[in-house]
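A.B. asks: Next up is a structure, given as structure tokens.
The values are calculated or read from the model by the stated rules, or taken from the named source; none is laboratory data. Please read these numbers as outputs of a predicted model, since none were measured by experiment. Using ideal geometry, Cβ is built from the backbone for each residue, glycine included, and neighbour counts are taken over all protein chains shown.
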């Protein structure tokens, strides 16, 4: 399916000089969205995935339906202070500054297979921090799956050693 025709470019969002790839037209098109999550799950159907991990917030949108296709549980990774039980945290560098992600310490049992899902791979920092979180609490990352990859930013480099699946590469 040609998803590019449904993705609209928003110039100068969130700041001047950036062309934002707006996926909301894909989300509102039932058949396109269904096909996206099926294609994001497909390379991992025979991997015995136990959990799909999605990062706040658009990783939730794609992660939950991918987990359902794979017959796996869903585990959210959130910004600090948003999860109610005891958490593990991981900080990572952004273009300007740093950020932190958290996961429940008991979210993934030792050795369980994990697929990390998000809408977009750009710098790879968020996914790299999520990989460290999953491994810190005992999970085994089998791969990552993204709807869009901004290949010109080379975020895939931070994910060396892990299977990286993306449907669209700009």
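A.B. asks: Taking the criterion of being surrounded by fewer than 18 Cβ atoms within 10 Å (Cβ to Cβ) and in a strand (DSSP E or B), would at least one residue in region 116-124 satisfy it?
C.D. replies: no
A.B. asks: Right, here's the next one. Quick check on residue 61: is it surrounded by 15 or more Cβ atoms within 10 Å (Cβ to Cβ), touching a helix residue (DSSP H, G or I) at 6+ places or on another chain (Cβ under 8 Å) and either part of a loop (DSSP other than H, G, I, E, B) or at pLDDT below 95 (or both)?
C.D. replies: So residue 61 fails the test.
A.B. asks: Here are some conditions: (1) over 15 Å from the mean Cα position of the chain (by Cα); (2) part of a helix (DSSP H, G or I). Residue 111 meets all but one. Which one does it not meet?
C.D. replies: Against the list (1) over 15 Å from the mean Cα position of the chain (by Cα); (2) part of a helix (DSSP H, G or I), residue 111 comes up short only on (2).
A.B. asks: Here's a check for you: in region 10-29, which residue that is out of contact with any helix residue (DSSP H, G or I) (no Cβ under 7 Å at 6 or more places or on another chain) and within 17 Å of residue 167 (Cβ to Cβ) is surrounded by the most Cβ atoms within 10 Å (Cβ to Cβ)?
C.D. replies: 23
A.B. asks: Name the residues in region 125-164 that are free of Cβ contacts under 8 Å to residues at least 12 places away in the same chain and either buried (at least 18 other Cβ atoms within 10 Å of the Cβ) or part of a helix (DSSP H, G or I) (or both), would you?
C.D. replies: Selection gives 135 alone.
A.B. asks: With within 24 Å of residue 3 (Cβ to Cβ) and surrounded by fewer than 22 Cβ atoms within 10 Å (Cβ to Cβ) as the only criterion, which of 43, 76 stands out?
C.D. replies: 43
A.B. asks: Still on this structure, please answer the following. Which is farther than 19 Å from residue 122 by Cβ, in a loop (DSSP other than H, G, I, E, B) and touching a residue at least 60 places away in the same chain (Cβ under 8 Å), of 48, 81?
C.D. replies: Criteria check complete, one pass: 48.
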